[in-house]
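The values are calculated or read from the model by the stated rules, or taken from the named source; none is laboratory data. As the structure is a prediction and not an experimental result, all values here were calculated from the model. No Cβ is skipped: glycine too gets one built from the backbone with ideal geometry, and neighbour counts run over all protein chains shown. What goes into the accessible areas is simple: the full protein's heavy atoms, side chains included, and nothing from ligands, DNA or RNA. Shrake-Rupley method; radii C 1.70, N 1.55, O 1.52, S 1.80 Å.
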Amino acid sequence: MTAPLIECQNYINGQWVAASGETLESRNPSDWRDVVATFPRSSAADVDAAVAAARKAFKSWRLVPAPARAEIIYRVGELLLQHKEKLAQLISREMGKPLTEARGDVQEGIDCALYMAGEGRRMFGQTTPSEMPNKFAMTMRIPVGVCALITPWNFPVAIPCWKAFPALICGNTVILKPAEDTPTCVHYLSQLFHKAGLPNGVVNIVHGLGEETGRALVEHPDVNLVSFTGSSETGAEVGSVCGRTHKRSCLEMGGKNAQIVMADADLQLALDGAVWGAFGTSGQRCTATSRLILHRDIKEEFTNLLLERVHQLRLGLGTDPQTEVGPLINSAQLQRVNHYLEIARAEGTKVLTGGETANTENLAHGFFFQPTVLDRVTPEMRVAKEEIFGPVVGLIEVGSFEEAIAILNNTPYGLSSSVYTRDVNLAFQAMRDIEAGITYINGPTIGAEVHLPFGGMKQTGNGHREVGTAALDVFTEWKTVYVDYSGSLQRAQIDNRD
Ligand code: NAD
């Protein structure tokens, strides 16, 4: 591989600055011999500089009219469109997802920019009658302040955009801390932010390790809000620091999503959904289908159809246009998936296909795992409840719709869910009874759209939602305003009726 080495730098106060300490390497997960970039291992001092720049910029950015802020975000969207192919190639190289999916990652960023730019001209508050005469009452949104945005590697462009665009439209300034596996994608994004004309200090980027750079950011006293997407374990840490330091936190964490297939379902449709939901992005989506809950009347037929399709999946390098399933992100993730396969075997499941590291021919230098189907999974098994985050799906047989819903809900997570049925009554019961932030009827568990709220219940989240207008609730404070034009003291909160 001959692509030149990229040197990522921190982006602070409108300038790219060299690291104060050591640099780290980002490598291609399809072939670890390919070093994509170096990036700074930022210290608490680097974080201090970024927070100071964001704090200073907040003074003037919050006063820029929201429609004018939105125009700049719109320009970022246009630049993303212009750079879509180059950025997609970079995502595939650095993160490993196939090119079509990488283009989708960038497109999510574009969609989010265009959608959020529209919000710059809305951002509605409410007016409501006062209980007093000659008095006016209203609410307005005001920015929260300096926001720390901490992102994972699986959507290296889309997730930073999902967080940054609404934060900026609302008048906040941000410090983005990208995942250590995909710094280059966000470095590229910094160039587009710069080119779009964002004032200095409005967006800052600090690279580094979660335990050091991320932690310093979350603990920083001058940060008002932390928006975090990542694992539930890290989210618990981040949430507890925010609790102690009275910061607002928006946490988007793990998932253990299921697709139910009822006996009356369109099996071909359900099959397409299952293959895409379980093996898209090599199962490394928080919304990936990791359990297939199958009615016993169709289980055998569906399983045979599924195996036929899984055997046809093309495992390969992210950047190869023929690839359908790419590598896992790193060796730790490969070990984790292998470890879960040991657990699955020990728990008594049957591996119908896959189950091993894939290291033949051109895959030998990457972190590949065979697309895997586990049978005889029962609801109490660890592999039925814990997030694996790889191309592994477990089959669970059920005898009724009620049983299927109870099993779907039987995990600590509550992110995405899916039901395939032609029975409208069952579909509506599913919408009502499933404990998850997202339910798809006759669609796979993956496929969120940016104008609808995204997030989950239980240990997946802490009650907030990303994108859609729900994102405005994360990134603004409500200010309630009373205007008394009566010219005399009117007292509320006492009994005026005497
Ligand atoms: P992770 O928790 O290891 O890391 C996420 C981010 O947090 C990274 O930028 C990391 O550097 C940073 N970090 C790590 N320790 C930190 C600390 N102590 N303080 C502050 N920051 C710290 O997660 P990951 O492996 O990058 O991502 C995979 C996980 O993300 C999966 O569990 C997946 O389900 C979840 N995820 C959730 C969503 C969602 O919207 N619910 C979306 C994508 C991924």
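Residue check: is residue 374 surrounded by 21 or more Cβ atoms within 10 Å (Cβ to Cβ) and closer than 16 Å to residue 303 by Cβ? Walk me through it before giving the result.
Values: surrounded by 21 or more Cβ atoms within 10 Å (Cβ to Cβ): yes; closer than 16 Å to residue 303 by Cβ: yes.
Yes.
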Exercise. Take the residues in the range 428-452 that are more than 23 Å from residue 389 (Cβ to Cβ), in contact with a Ser or Thr (Cβ under 8 Å, 6 or more places away or on another chain) and open to solvent by 10 Å² or more (accessible area, probe 1.4 Å), then tell me which one is farthest from the ligand (Cβ to nearest atom).
Key: 442
Quiz item: Within the range 243-271, how many residues turn out to be within 16 Å of the ligand (Cβ to nearest atom) and touching a residue at least 24 places away in the same chain (Cβ under 8 Å)?
Solution: 13
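Of all residues being within 16 Å of the ligand (Cβ to nearest atom) and assigned to a strand (DSSP E or B) in the range 114-151, which is nearest to residue 53 (Cα to Cα)? Just the residue, please.
Within the range 114-151, the match that is nearest to residue 53 (Cα to Cα) is 146.
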Practice problem: Could you identify the single residue in 171, 214 that is open to solvent by less than 10 Å² (accessible area, probe 1.4 Å) and either of a type in the set (D, E, K, R) or within 11 Å of the ligand (Cβ to nearest atom) (or both)? | Solution: 214
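What tally of residues in the range 367-412 results from selecting those that are outside any loop (DSSP other than H, G, I, E, B) and farther than 22 Å from residue 281 by Cβ? Walk me through it before giving the result.
Here is the first cut: in the range 367-412, the residues outside any loop (DSSP other than H, G, I, E, B) are 369, 372-375, 382-385, 392-398, 401-408.
Then drop every residue that is not farther than 22 Å from residue 281 by Cβ, which leaves 375, 382, 396-398, 401-407.
Within the range 367-412, residues that are outside any loop (DSSP other than H, G, I, E, B) and farther than 22 Å from residue 281 by Cβ number 12.
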Practice problem: Take the range 217-242 and flag every residue that is part of a loop (DSSP other than H, G, I, E, B) and either within 8 Å of the ligand (Cβ to nearest atom) or surrounded by fewer than 16 Cβ atoms within 10 Å (Cβ to Cβ) (or both). | Solution: 221, 222, 230, 231
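Quick test for you: out of 294, 305, pick the one residue that is hydrophobic (A, V, I, L, M, F, W, C), within 23 Å of residue 389 (Cβ to Cβ) and either away from the ligand (no atom under 16 Å from the Cβ) or part of a loop (DSSP other than H, G, I, E, B) (or both). Steps first, please.
Details: 305 fails: within 23 Å of residue 389 (Cβ to Cβ).
None of the other options fit; the residue is 294.
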Practice problem: Output the residues belonging to the range 174-188 that are within 10 Å of the ligand (Cβ to nearest atom) and outside any helix (DSSP H, G or I). | Solution: 176, 177, 178, 179, 180, 181, 182
Exercise. Starting from the range 275-287, keep only residues that are in contact (Cβ under 8 Å) with a residue 12 or more places away in the chain and more than 10 Å from the ligand (Cβ to nearest atom), then list their pairs with residues that are among the small types (Gly, Ala, Ser) and not in a helix (DSSP H, G or I) whose Cβ atoms are within a distance under 6 Å, requiring at least 6 positions of separation or different chains.
Key: 282/326; 283/390
